[in-house]
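Structure, as structure tokens:
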Amino acid sequence: MQPVIQFVDVVKIYPLKAGDVMALNHISFAVERGEFISIMGPSGSGKSTLLNLMGCLDPPTSGNIFMSGIGVRAMNDVELTNLRRDRIGFIFQYFNLFPLLNVIENVNFPQMLKSGKDVNPDKAKEVLHAVQLEDQFYTHTPMELSGGQQQRVAIARALINDPDILLCDEPTGNLDSKTGSSIMELMTELNRKGATIICVTHDPTVAKYSDRTIRIVDGCIAS
Ligand SMILES: Nc1ncnc2c1ncn2[C@@H]1O[C@H](COP(=O)(O)OP(=O)(O)OP(=O)(O)O)[C@@H](O)[C@H]1O
Ligand SMILES: [Mg+2]
């Protein structure tokens, strides 16, 4: 079976006026189906960049990324959009919630992209209950929520389409340790059901939930 994600000699350069930033420096690794991987490394080492490329949100500068054997460089925009929509759940480091939509609308958004108007109205509540956000907040907009509550909305949104790949950038960074552990239990449960999970974290307790850790330093995988 093909790895669910494979990086082959991937370089990511951000061209800036002040000089190019080499965020990923010839990275190669594979993620097998059903793995639970944590990614750790110092601030600025390239973790979010790596996750963005895994999520097909950004193309590599050179090298290639294979998603279940298919190279992203050969995919057009529509194919990439469909891949993201149908297979990938993304929890962003800074949430990326839509400020004008309320909680239910934010969580339902990927479902609407997938099935048009035909959304299951109970599904959003189901995932919001799973991340332990209380019903009284469902009509609030992100500005009317705490950081931890926004984080739980972002997690619920990533789960709504039952993704088979879940990419998480510091998913518990704004949560107290009790809520953080229940989120990690939820991820473990999803992983048991077959989801492949990749989780960026600074927190060794979070990394303990994973099968293995990829360490990244200065854009390179540290052995
Ligand atoms: N959009 C961008 N444009 C230019 N440079 C960027 C951009 N995004 C990231 N970088 C640079 O690339 C490098 C890696 O950044 P990245 O965000 O991947 O780090 P990180 O490991 O996620 O850090 P943190 O733990 O602080 O979130 C840094 O030097 C950063 O300044
Ligand atoms: Mg980051």
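The values are calculated or read from the model by the stated rules, or taken from the named source; none is laboratory data. Quantities reported herein were computed from a predicted structural model and do not represent experimental measurements. A quick note on method: Cβ atoms are made from the backbone with ideal geometry, for glycine too, and the neighbour counts reach across all protein chains shown.
Filter region 1-21 down to the residues that are touching a Gly at 6+ places or on another chain (Cβ under 6 Å) and within 16 Å of ligand 1 (Cβ to nearest atom) and list them by number. Passing the criteria: 10, 11.
Restricting attention to region 29-58, the residues being without any contact (Cβ under 8 Å) to a residue 24 or more places away in the chain and either more than 13 Å from ligand 1 (Cβ to nearest atom) or closer than 21 Å to residue 187 by Cβ (or both) number 1.
Among residues of region 175-206 being crowded, with 18+ Cβ neighbours inside 10 Å and among the small types (Gly, Ala, Ser), the one that is modelled with the lowest pLDDT is 180. Every condition in (1) touching a Phe, Trp or Tyr at 6+ places or on another chain (Cβ under 9 Å); (2) more than 14 Å from residue 105 (Cα to Cα); (3) small (Gly, Ala, Ser) is met by residue 154 except one, and the failing one is (2). Among the residues making up region 22-48, those that are under 18 Å from the mean Cα position of the chain (by Cα) and either in a loop (DSSP other than H, G, I, E, B) or of a type in the set (Val, Ile, Thr) (or both) are 31, 32, 33, 34, 35, 37, 39, 41, 43, 44, 45, 46. Picking from residues in region 51-83 that are more than 13 Å from residue 6 (Cβ to Cβ) and aliphatic (A, V, I, L, M), the one that is nearest to ligand 2 (Cβ to nearest atom) is 51. Exactly one residue out of 133, 128 is crowded, with 19+ Cβ neighbours inside 10 Å, under 19 Å from the mean Cα position of the chain (by Cα) and more than 26 Å from residue 53 (Cβ to Cβ): that is 128.
Within region 84-102, the set of residues being surrounded by fewer than 19 Cβ atoms within 10 Å (Cβ to Cβ) and assigned to a strand (DSSP E or B) is empty. Only residues that are surrounded by fewer than 22 Cβ atoms within 10 Å (Cβ to Cβ) and more than 16 Å from ligand 1 (Cβ to nearest atom) were counted in region 159-174, giving 4. Is there a residue being within 16 Å of ligand 1 (Cβ to nearest atom), buried (at least 18 other Cβ atoms within 10 Å of the Cβ) and not acidic (Asp, Glu) anywhere in region 61-69? Yes.
Of all residues being of a type in the set (Ser, Thr, Tyr) and touching a strand residue (DSSP E or B) at 6+ places or on another chain (Cβ under 7 Å) in region 22-50, which is nearest to ligand 2 (Cβ to nearest atom)? Just the residue, please. Checking each candidate, the answer is 48. If the condition is being away from ligand 1 (no atom under 16 Å from the Cβ) and either basic (Lys, Arg) or in contact (Cβ under 8 Å) with a residue 24 or more places away in the chain (or both), then region 207-223 contributes 208, 209, 210, 211, 212.
Select from region 1-50 the residues that are surrounded by 15 or more Cβ atoms within 10 Å (Cβ to Cβ) and among the hydroxyl-bearing types (Ser, Thr, Tyr) and list them in ascending order. Listed by number, the residues that qualify are 38, 45, 48, 49. Does residue 19 satisfy the criteria of being more than 10 Å from ligand 2 (Cβ to nearest atom), under 16 Å from the mean Cα position of the chain (by Cα) and assigned to a loop (DSSP other than H, G, I, E, B)? Criteria not met by residue 19.
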